[in-house]
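The values are calculated or read from the model by the stated rules, or taken from the named source; none is laboratory data. These numbers come from a predicted model, not from an experiment. Cβ sites come from the backbone with ideal geometry, for glycine too, and all protein chains shown count toward neighbours. For the accessible areas, the whole protein counts, side chains as well, though only heavy atoms, and no ligand, DNA or RNA atoms are used. Shrake-Rupley method; radii C 1.70, N 1.55, O 1.52, S 1.80 Å.
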Amino acid sequence: MFKKINAQFAIEFIILIAFMFLIFLSFIAVITTKILEAKENERQGIAEDIATLAKNEIDLARSATDGYTRNFNLPSKIGGNIYTIEIIDNRELAVKYTDKEHVIFLQENIAGNINPGTNTITKVDGIVNINPT
């Protein structure tokens, strides 16, 4: 009879350990998901920040009078990662950072293109021109 109680205790112990292991695995899965989600949101935020920085320069030039000229810098790398920024069809400002993309729609009268690094922005005859230097 004594052996039967020990055997039952061993089975209950194994079931308890298996249950605790499943709880531990689910806890790790939730934490990993939250970390990945936070990193994804961080990358999206960086793409939005770069696009906003460029759009602010464009808005500043748009509000200025004709003859406006300014050089501005966009970082060449962020966090050791390269990114691309471009103006598509003179209507969209698109930033691609790692696996994230952020697009801002621009008003009319924009010409040229923009790159990481130094860019020159001018306003001539009501048209804002952007050229990488």
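In what sequence, highest mean first, do 74-83, 17-26 appear when ranked by Cβ atoms within 10 angstrom? If you can, show how the numbers build up before the last one.
Values: 74-83: 12.5, 17-26: 10.0.
Per-residue Cβ counts within 10 Å, averaged per peptide and sorted highest first, yield 74-83, 17-26.
Could you work out what % of the accessible surface of the chain is carbon and sulfur, using a 1.4 angstrom probe and leaving DNA, RNA and ligands out of the count?
On the way: 5560 of 9050 Å².
Exposed carbon and sulfur together represent 61 percent of the surface.
At a threshold of 8 angstrom on Cα-Cα distance, excluding pairs fewer than six apart, so keeping six or more, what relative contact order does the stretch 1-127 reach in percent? Numbers along the way, then the final one.
Numbers: 150 pairs, mean separation 33.9, N = 127.
In percent, rounded to a whole number, it is 27.
What does the accessible area per residue of the chain come to in Å², with a 1.4 Å probe and no ligands, DNA or RNA counted? It would help to have the intermediate numbers written out before the result.
Working: 9050 Å² over 133 residues.
Counting only protein heavy atoms, the per-residue value for the chain is 68 Å².
Excluding Phe105 itself, what net charge comes from residues whose Cβ is under 13 Å from its Cβ, given Lys and Arg +1 and Asp and Glu -1? Don't skip to the answer; put the middle values down first.
Values: positive: Lys55, Arg91; negative: Asp59, Asp89, Glu92, Glu108.
Charge balance in the 13 Å sphere: -2.
Going Cα to Cα from Lys55, which aspartates and glutamates come in below 12 Å? Please leave out same-chain ones fewer than 8 positions away.
Answer for Lys55, where 12 Å is the Cα cut-off: Glu86, Glu92, listed by chain and number.
Would you kindly state how much longer the chain becomes between Ser63 and Asn113 on full extension, computed as 0.36 nm times their sequence separation minus their alpha carbon distance, in nm to one decimal? The partial results should precede the final answer.
Details: separation 50, 0.36 × 50 = 18.00 nm, distance 1.91 nm.
Stretched out fully, the Ser63 to Asn113 stretch lengthens by 16.1 nm.
Can you list the HN-Hα couplings for the stretch 33-50, worked out from phi with the Karplus curve (6.51, -1.76, 1.60; θ = phi - 60°), rounded to whole Hz and with x for Gly and Pro?
Ordered by residue, 3J(HN,Hα) equals 4, 5, 5, 4, 5, 5, 5, 5, 5, 5, 5, 5, x, 5, 4, 5, 5, 5 Hz.
Of Val95, Val124, which has the most accessible area with a 1.4 Å probe, and how do the rest follow in descending order? Before the final figure, lay out each step's value.
Values: Val95 0, Val124 75 Å².
Ranking Val95, Val124 by accessible area, largest first, yields Val124, Val95.
Provide the solvent-accessible area of Asp99, counting protein heavy atoms only and rolling a 1.4 Å probe, rounded to the nearest 10 Å².
100
Quickly estimate the mean residue ellipticity at 222 nm for the chain, helices only: each DSSP H run with n ≥ 4 gives -39500 (n - 2.57), and the total goes over all residues, rounded to 500.
On the way: 1 runs with 62 residues, N = 133.
Value at 222 nm, helices only, nearest 500: -17500 deg cm²/dmol.
Please compute the length gained on full extension between Phe21 and Lys55, using 0.36 nm multiplied by the number of residues separating them and subtracting their Cα-Cα distance. Spell out each step's value before the answer.
Numbers: separation 34, 0.36 × 34 = 12.24 nm, distance 5.09 nm.
Net length gain for the segment: 7.1 nm.
Could you please put Ile85, Ile35 in sequence from largest to smallest accessible area, using a 1.4 Å probe?
Numbers: Ile85 5, Ile35 90 Å².
Result of the area sort, largest leading: Ile35, Ile85.
Which of the following values of Cα Rg over 2.2 N^0.38 Å was calculated from the structure shown: (1) 1.02; (2) 1.15; (3) 1.96?
Here the calculated entry is (3).
Which order do you get for Ile130, Ile104, Ile15, Ile31 if you rank them by accessible area with a 1.4 Å probe, largest at the top? Show your work: numbers first, answer last.
Details: Ile130 0, Ile104 25, Ile15 110, Ile31 65 Å².
So the residues, ranked largest to smallest area, are Ile15, Ile31, Ile104, Ile130.
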